[in-house]
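What follows is a short report on a single structure.
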Amino acid sequence: MIYHWLRSHWHAFILVLKKLRHAPVANLLMAAVIGATLSLPAGLYLLADNIRQAAGDITIEPQISLFLSLNATDGAVKALDQRLKENHGIKDFNFVSKETAWQEMQRNSTVADTGLEKNPLPDAFVIHPKDTEPQAVDKLQKELSELPNVEHTLLDAEWVKRLYVLLQMSTKAVVILTSLLGFALVAIVGNTIRLQILTQREEIEVSRLIGATDRYIRRPFLHAGLLHGFAGGLMAWLFVYIALYIFNASVQDLALLYSADFLLHMLGGQASLILLGGAAGLGWLGALLAVNRSLAELKAVAKR
């Protein structure tokens with residue numbers, strides 16, 4: 001049963017390949033159109049992924065600094081330490097005493113030149129949130145600012161929040177753009193398959209007269225849609241690679257001006273497989289919708 005199924009699909013696949021060979025220019029243009037459509041979301045994803053990789057070497061974990069009031073007693077510090085241990089929104093924290101901070105301050109030659117003789121610094125806690133999403137961090141900061149003996153709270157790395165929001169926006173943009181252009185790809189492949197069905201209408205009608213099932217008739221058109229989508233995915237990958245190669249020349253020159261070594265990286269293996277597989281799947285879906293609709297129309301005409 002499985003052998004017969006595989007054999008029938010293999011014969012349909014070979015038949016489609018032979019037909020595609022008769023119109024190489026038209027099929028190449030078809031693949032180029034699909035590739036240009038898919039290269040837009042693929043390029044946007046690649047840009048966001050390179051930004052994410054560039055920020056990967058930087059410590060982007062936000063931290064909240066709690067500065068205690070100057071008259072906070074040791075008992076108050078211990079009580080606050082216990083409250084922080086019981087807070088489930090805190091990943092970890094450490095205590096920086098006013099004496100330790102004063103010693104670090106005195107080691108700084110710039111600060112030492114100010115002539116300060118008395119320690120003006122308070123005790124502090126440096127806290128790392130468990131949930132690093134901006135809304136969760138803001139909520140935790142507000143909660144900690146209301147604790148007893150807390151004079152001031154400071155959220156370090158505000159730029160992390162902005163970077164996080166930008167990356168989230170780029171991810172949503174990729175999803176929206178991919179969805180919209182995915183519908184366009186389905187429509188492109190569907191129209192192409194419908195034209196093929198119209199040109200083979202008499203052949204399909206004869207096949208039905210001799211007992212061919214809809215599944216048998218549908219099979220080669222589904223393989224054609226799959227191949228059109230896969231070829232379009234390959235073209236999209238090639239377009240993105242060429243664009244990346246052109247941009248990298250300028251990016252490298254810009255990086256040298258800042259004494260840095262940075263190049264844009266191409267899509268990884270997993271992302272490339274998703275691009276090719278997704279394009280093939282959308283091509284198959286477009287062919288399925290087109291062939292089902294066309295066969296239903298042919299049946300309706302035959303009954304009249």
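The values are calculated or read from the model by the stated rules, or taken from the named source; none is laboratory data. Remember, it's a predicted structure, so these values are computed and weren't measured experimentally. When we count neighbours, we look across all protein chains shown, and the Cβ atoms used for this are built from the backbone with ideal geometry, even at glycine.
Among the listed residues ILE204, ILE210, ILE246, which satisfies the condition of being under 22 Å from ARG21 (Cα atoms) and either modelled with pLDDT under 85 or surrounded by fewer than 19 Cβ atoms within 10 Å (Cβ to Cβ) (or both)? None of the others qualify; the one that does is ILE204.
Among LEU298, LEU257, LEU198, LEU264, which is surrounded by 15 or more Cβ atoms within 10 Å (Cβ to Cβ), more than 25 Å from LEU44 (Cα to Cα) and either at pLDDT below 85 or not assigned by TED's automatic domain parsing to the domain that holds LEU6 (or both)?
That would be LEU298, the only listed residue that is surrounded by 15 or more Cβ atoms within 10 Å (Cβ to Cβ), more than 25 Å from LEU44 (Cα to Cα) and either at pLDDT below 85 or not assigned by TED's automatic domain parsing to the domain that holds LEU6 (or both).
Quick grid of which residues meet (1) closer than 20 Å to ALA280 by Cβ; (2) modelled with pLDDT under 85; (3) in the same structural domain as GLY233 (by TED's automatic domain parsing):
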{"site": "ARG21", "(1), (2), (3)": "yes, yes, yes"}
{"site": "LEU28", "(1), (2), (3)": "yes, no, yes"}
{"site": "THR37", "(1), (2), (3)": "yes, no, yes"}
{"site": "LEU68", "(1), (2), (3)": "no, no, no"}
{"site": "ALA79", "(1), (2), (3)": "no, no, no"}
{"site": "ASP92", "(1), (2), (3)": "no, no, no"}
{"site": "THR110", "(1), (2), (3)": "no, yes, no"}
